[in-house]
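The values are calculated or read from the model by the stated rules, or taken from the named source; none is laboratory data. Owing to the predicted nature of the structure, the values given are computational and were not obtained by experimental measurement. With ideal geometry, Cβ positions are generated from the backbone for all residues, glycine too; neighbour counts draw on all protein chains shown. Side chains are part of the model used for accessible areas, which takes the heavy atoms of the whole protein and leaves out ligands, DNA and RNA. Shrake-Rupley method; radii C 1.70, N 1.55, O 1.52, S 1.80 Å.
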Amino acid sequence: MKLFHRLKKQDMAGRAGRVPRHIAIIMDGNGRWAKRRGLPRTAGHSAGAENFRRIATYCKNIGVKYLTVYAFSTENWKRAEDEVSTIMNLLGKYLLEAIEKMERDGIKLVIFGDITRLPRNLAELVDVTRDINKRVEGFQVNVCINYGGRDEIIKAAERWAREKRPGSTLDEDTFAGYLYSAGVPDPDLVIRPGGEKRISNFLLWQSAYAEYYFTDRLWPDITEKDIDRAIEWFDSRERRFGGI
Ligand code: IPE
Ligand code: IPE
Ligand code: MG
């Protein structure tokens, strides 16, 4: 551990310290952010989507390799129709914008979630990203849309059962290959703004050994400084993975 610290390098933004390879963020608190300003909840989602762009750029610049963000859960359909459609429209807008820049900026964009329930234009954009991803290497952003950890696990189990050879057994690595996150290393650090201390069905399998950073600050207010704080805290953790 000591040696590791002495080997710490400065990252691309000049920050000292170890940068997690994979950061995951539960982008929570948009509604309360809007309420505090006397604005409709949908205004909070616009601010939140804009902040996603800012924080994703920052993560890329400091050398994070994978960023996974929770944008819409399988449970979020319970919300009012106009709130859901605003979120879907925002996702479409930002996805389209990201698609235009993926190749130029070397960003892989992967959607985690059941896209069969998404509006058609959004599902089509997801198909476009799949195509571009074949040609892109570099920073990978996973956007979780209509994503639920339990739903992901059930779908993986079903697919494995369908495709398995007679008599084959299942192990952890094989199973992980059936999840949306196939091929992506597990998140090191999960950040949850918004004050809640729960997982809300996010990356249940993948975050078995993640470090969780909770902050009361609301997602649209989260800045580069907050990400630095979370990483600094992460850097102070001793990860044992069940060892001593
Ligand atoms: C997160 O913000 C965005 C989604 C869940 C889609 P919320 O909309 O949950 O904001 P709060 O928690 O009500 O403040
Ligand atoms: C989690 O936030 C989902 C997203 C941020 C997309 P929620 O606001 O849906 O979580 P709960 O309902 O407070 O657990
Ligand atoms: Mg919430």
Checked the chain with the C-alpha gyration tensor, a ≥ b ≥ c its square-rooted eigenvalues, rounded below a/c of 1.5, otherwise prolate if a/b is larger than b/c and oblate if not; verdict rounded
In nanometres, the difference between 0.36 nm per residue of separation and the alpha-carbon distance of Arg198 and Glu172 is 6.9 nm
Dividing the helical contributions, -39500 (n - 2.57) per DSSP H run of n ≥ 4, by the residues of the chain yields a 222 nm value, nearest 500 deg cm²/dmol, of -14000 deg cm²/dmol
Given unit charges at Cβ for Lys, Arg (+) and Asp, Glu (-), the dipole magnitude of the stretch 34-81 about its Cα centre in debye, nearest 20, is 180
Phi angles of the stretch 31-44, converted by Karplus (6.51 cos²θ - 1.76 cosθ + 1.60, θ = phi - 60°) into ³J(HN,Hα) in whole Hz with x for Gly and Pro, give x, 5, 4, 5, 4, 4, 9, x, 10, x, 3, 4, 5, x
For the Arg165, Trp205 Cβ pair and Förster radius 35 Å, calculated FRET efficiency rounded to 0.05 is 0.95
Placing each pseudo-label 7 Å from Cα in the direction of the beta carbon, Arg239 and Arg32 end up separated by a distance in nanometres of 2.8
If every Lys and Arg gets +1 and every Asp and Glu gets -1 at its Cβ, then about the Cα centre the stretch 115-244 yields a dipole, in debye to the nearest 20, of 520
When the chain is treated as a Gaussian network with springs between alpha carbons less than 10 Å apart, the largest mean-square fluctuation among Arg217, Arg37, Arg130 is found at Arg37
Amide H proximity to Ile191 below 5 Å, modelled H, separation 5+ or other chain, gives Ala24, Ile25, Ile26, Tyr213
In the chain the accessible area split gives carbon plus sulfur, as whole percent at 1.4 Å, a share of 50
Summing +1 per Lys or Arg and -1 per Asp or Glu among the other residues with Cβ less than 10 Å from Gln206's Cβ gives -2
Per the 1/(1 + (r/R0)^6) rule, R0 = 22 Å and r from the Cβ atoms of Glu124 and Arg79, FRET efficiency to 0.05 is 0.40
Under the 7 Å Cα-to-Cβ spin-label approximation, Arg229 and Ile153 lie apart by a distance in nanometres of 3.2
Here the percent of antiparallel bridges among DSSP beta bridges lying wholly in the chain, to the nearest 5, is 5
From the cross-link list Lys60/Lys134; Lys134/Lys197; Lys78/Lys134; Lys164/Lys197; Lys35/Lys155, the entries with a Cα-Cα span beyond 27 Å are Lys134/Lys197; Lys78/Lys134; Lys164/Lys197; Lys35/Lys155
Note to self: with every protein chain in place and a 1.4 Å probe, the stretch 53-206 gives an accessible area per residue in Å² of 52
The aspartates and glutamates whose Cα lies under 19 Å from the Cα of Lys101, excluding any fewer than 8 residues away in the same chain, are Glu50, Glu124, Asp127, Asp131, Glu137
FRET efficiency (Asp216, Asp131; Cβ distance; R0 45 Å; to 0.05) is 0.65
